[in-house]
Amino acid sequence: MPKTSTQRTEIKHLSAEQLSGELETLRAKVLELRFEHANRSLKNTTTLATTRHAIARILTLQRQATRKQS
């Protein structure tokens with residue numbers, strides 16, 4: 001999950017397959033974090049927000065790539 005600017009730039013250089021795999025992983029992580037939050041066992045609630053932001057970044061990159069192709 002990207003946290004620093006270097007990790008954010010690294011995600012831009014991933015292939016479409018790698019982005020899809022990372023997206024799937026992050027969506028599963030959000031699901032786990034939501035369950036932990038509901039059970040009040042989540043210690044750091046900001047991880048939920050940062051994971052959702054990472055998903056949004058990946059979706060944005062995928063959208064930009066499809067717009068470039070068309």
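Any read-out appearing in this document is the output of simple, stated calculations on the displayed coordinates, not a laboratory observation. Please read these numbers as outputs of a predicted model, since none were measured by experiment. So basically every Cβ, Gly included, is an ideal-geometry build from the backbone, and we count neighbours across all protein chains shown.
Please report the relative contact order for the chain, taking Cα pairs under 8 Å with a sequence separation of at least 6, and give it as a percent rounded to a whole number. Could you put the intermediate results ahead of the total?
Details: 32 pairs, mean separation 27.1, N = 70.
Here the relative contact order equals 39 percent.
Within region 32-54, find all residues whose amide N lies under 18 Å from a label point positioned 7 Å from the Cα of Gln7 along Cα-to-beta-carbon.
Output list for this probe position: 32-34, 43-54.
Residue by residue, what Karplus-based ³J(HN,Hα) values in Hz, rounded to whole numbers, does region 54-62 have, using 6.51, -1.76 and 1.60 with θ = phi - 60° and x for Gly and Pro?
So the Karplus estimates, Gly and Pro as x, are 5, 4, 4, 4, 5, 4, 5, 5, 5 Hz.
How many percent of the alpha carbon pairs in the chain exceed a separation of 17 Å?
Result for the distance tail: 45 percent.
What is the sum of charges, Lys and Arg at +1 and Asp and Glu at -1, for the other residues whose Cβ falls under 13 Å from the Cβ of Leu42? All intermediate terms of the calculation are to be shown ahead of the outcome.
On the way: positive: Lys29, Arg34, Arg40, Lys43; negative: Glu32, Glu36.
With Lys, Arg at +1 and Asp, Glu at -1, the net is +2.
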